[in-house]
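Below is one structure, written out as structure tokens, with a few remarks after it.
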Amino acid sequence: MNFRDLKKQSKTGPLLPEGFEPECWAEKRKEEMVKLLYAGMDPACRELAGRLEMCGYDEPCISPACPECMRRKRIWFIEQFMRLTNDKNWVFVTVIFYPDVMDTEDLTTLDPRKFFNRIRKQFEKCDIKGRALGGFEMDFHQESKKWMPHVHFVLECTDEKKLDKFKGLYRKSKYLNTRSGVVNRPVLIKPLGNRLNLSGYLVKHEWSRVEHYVFNGKRISKKKFLPDVLRRESLITRDWLGLAKMMFLYRLRRCEGKLKKNSTT
Ligand SMILES: [Zn+2]
């Protein structure tokens with residue numbers, strides 16, 4: 001998407017999910033991010049803070065670390081999602097890559113395409129020929145002090161056999177037994193539910209921290225904000241990755257500012 005597309009789409013007033021961040025929220029949030037980044041000692045933080053500060057409607061910075069640019073890109077994504085998907089033929093999938101947890105100092109080597117390629121190969125193995133779209137995310141797990149890569153996407157496939165085969169590829173011990181006493185669930189497949197609200201969930205504006213606790217004998221996880229030091233790390237990482245590298249597409253391609261079905265596959 002280029003500058004002109006960004007301007008155009010923010011004037012059309014699209015349908016948005018419940019509680020979607022208003023423009024004033026994104027503005028305020030950007031000011032917070034700039035302050036947070038300037039408070040970091042790293043020159044890379046200060047450089048990013050300067051870029052965010054200079055970002056404006058006429059010359060957007062297009063950084064995934066910028067709440068204003070991310071808001072516009074999220075609106076664009078929601079429009080594409082609503083146009084391409086339907087309740088009947090699509091499911092919502094989350095894949096958590098438990099064996100690929102990362103330390104904060106290794107984030108400089110992060111490449112979401114590694115995970116996307118793994119999923120694409122698995123689709124081929126399972127003869128899944130529908131389209132898919134979604135996004136890559138990292139959660140910081142408070143318990144292990146590690147980053148957990150995961151991908152949320154919607155998939156055009158409701159064939160139970162094929163979906164079971166896909167799930168089965170993650171029943172290997174390396175995905176299931178990474179923490180003692182805890183049973184991992186590397187793949188979750190659900191119906192789409194409220195499609196519009198789900199659309200906002202697929203591409204988010206920030207990475208989170210996950211806290212685990214036990215309530216009535218059940219292990220519960222809760223998403224929280226990252227502490228400042230880790231938030232700076234996540235902003236720097238998201239910035240150098242860029243949104244295009246964090247968006248998962250299968251049998252879809254970008255064409256003239258829109259997502260279109262890939263005619264070559
Ligand atoms: Zn920006």
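The values are calculated or read from the model by the stated rules, or taken from the named source; none is laboratory data. As the structure is a computational prediction, the values presented were derived from the model and not from experiment. Note that each Cβ is placed from the backbone with ideal geometry, even for glycine, and that neighbours are counted across all protein chains shown.
Structure notes:
- Any hit, the range 22-32, residues being buried (at least 16 other Cβ atoms within 10 Å of the Cβ) and away from the ligand (no atom under 16 Å from the Cβ): no
- Considering the conditions (1) assigned to a helix (DSSP H, G or I); (2) away from the ligand (no atom under 16 Å from the Cβ), D87 is excluded by exactly one of them, (1).
- All helices (runs of 4 or more DSSP H) inside the range 159-250 with 3 or more residues being within 16 Å of the chain's Cα centre (by Cα): 195-202, 228-241, 243-246
- Leading residue by the ranking (farthest from G200 (Cα to Cα)) among those in the range 43-79 that are away from the ligand (no atom under 13 Å from the Cβ) and surrounded by fewer than 18 Cβ atoms within 10 Å (Cβ to Cβ): P43
- For N89, the conditions (1) closer than 27 Å to L230 by Cα; (2) touching an Asp or Glu at 6+ places or on another chain (Cβ under 7 Å) are fulfilled apart from (1).
- As for the range 230-250, it holds no residue that is out of contact with any Phe, Trp or Tyr (no Cβ under 9 Å at 6 or more places or on another chain), basic (K, R) and at pLDDT below 90.
- Test: residue in the range 126-136 that is at pLDDT 95 or above, over 12 Å from the mean Cα position of the chain (by Cα) and over 20 Å from K260 (Cα atoms): yes
- The lone criterion from (1) assigned to a loop (DSSP other than H, G, I, E, B); (2) surrounded by 17 or more Cβ atoms within 10 Å (Cβ to Cβ) left unmet by D139 is number (1).
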